[in-house]
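Peer 1: Supplied in structure tokens, the structure appears directly below.
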Amino acid sequence: MSDIHYEIKRYTASVSIPEYIEHFVDVETFLGACKACPNYNKKWSCPSYDFNVEKYWNQYKNFRLLASQIIFPAEALEKTYTQEELNEILDSVLPKEKQKLSDELLAEESKYPGSISLSAGSCIRCKSCTRAEGKPCRFPDKMRYSIESLGGNVGLTIEKLMGLHLEWMEDNKLPHHFVLVCGLLLP
């Protein structure tokens, strides 16, 4: 099952931080969503945070967004899957593509002093995060926050800035595509 084929399309967009905050950031709404997630207070990349999220955004001037649209072929879309099969597909496709984006953005950080990347979703570097044990992050130089965890509305972001939309699995079928969204905050 993990040998499912798919195509990747890349999208980019740039926006100033003041414009991004004004049109796409809603810290209260997304913090509420984060509180419902099992990663809340369990991963260093996830809220609650000991810093002011708006101040975090405002340390930067521009935001360069990068999205990978993962497109499945028609034959994969026609199939109905068990939950186990869907989980296997997700576990084989999403982390691999997320890692590619993370590696690319970490390389970009070195080209732009003072920049920092934002991840597509929560950190997956370690099998279990040390935060739940009350210990410091094992890789603080590589751990990155996600756009959503800082109040960014990814669905609205890709719709307005990239002409894309999020899709979800329904009725044990794959969506036409998944979209992983990350970016680089620039000073």
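Peer 1: What about K35, is it open to solvent by less than 50 Å² (accessible area, probe 1.4 Å) and of a type in the set (K, R)?
Peer 2: So K35 does not fit the description; no.
Peer 1: Could you check region 142-163 and list, in sequence order, the residues that are open to solvent by 10 Å² or more (accessible area, probe 1.4 Å), within 16 Å of G121 (Cβ to Cβ) and among the aliphatic types (A, V, I, L, M)?
Peer 2: Matches in region 142-163: M143, V154.
Peer 1: Follow-up. Please pick out the residue among S102, S92, S110 that is touching a residue at least 24 places away in the same chain (Cβ under 8 Å), part of a helix (DSSP H, G or I), polar (S, T, N, Q) and surrounded by fewer than 16 Cβ atoms within 10 Å (Cβ to Cβ).
Peer 2: S92
Peer 1: Kindly establish whether L118 is of a type in the set (A, V, I, L, M), under 18 Å from the mean Cα position of the chain (by Cα), within 22 Å of Y56 (Cβ to Cβ) and modelled with pLDDT of 95 or more.
Peer 2: yes
Peer 1: If I filter region 1-27 down to residues being assigned to a strand (DSSP E or B) and among the polar types (S, T, N, Q), which single residue comes out as least open to solvent (accessible area, probe 1.4 Å)?
Peer 2: Filtering region 1-27 down to residues assigned to a strand (DSSP E or B) leaves 7-16, 25.
Cutting the leftovers down to among the polar types (S, T, N, Q) gives us 12, 14, 16.
Details: T12: 101, S14: 89, S16: 39 Å².
Only one residue fits best here, namely S16.
Peer 1: Here is a follow-up. Scan region 58-74 and give yes if some residue there is out of contact with any strand residue (DSSP E or B) (no Cβ under 9 Å at 6 or more places or on another chain), hydroxyl-bearing (S, T, Y) and more than 16 Å from I158 (Cα to Cα), otherwise no.
Peer 2: Checking region 58-74: not a single residue is out of contact with any strand residue (DSSP E or B) (no Cβ under 9 Å at 6 or more places or on another chain), hydroxyl-bearing (S, T, Y) and more than 16 Å from I158 (Cα to Cα).
The values are calculated or read from the model by the stated rules, or taken from the named source; none is laboratory data. Bear in mind the structure is a predicted one, so any value in this text is a computation, not a measurement. Backbone-built Cβ (ideal geometry, glycine too); neighbour counts: all protein chains shown. SASA here: full protein model, heavy atoms, side chains in, ligands and nucleic acids out. Shrake-Rupley method; radii C 1.70, N 1.55, O 1.52, S 1.80 Å.
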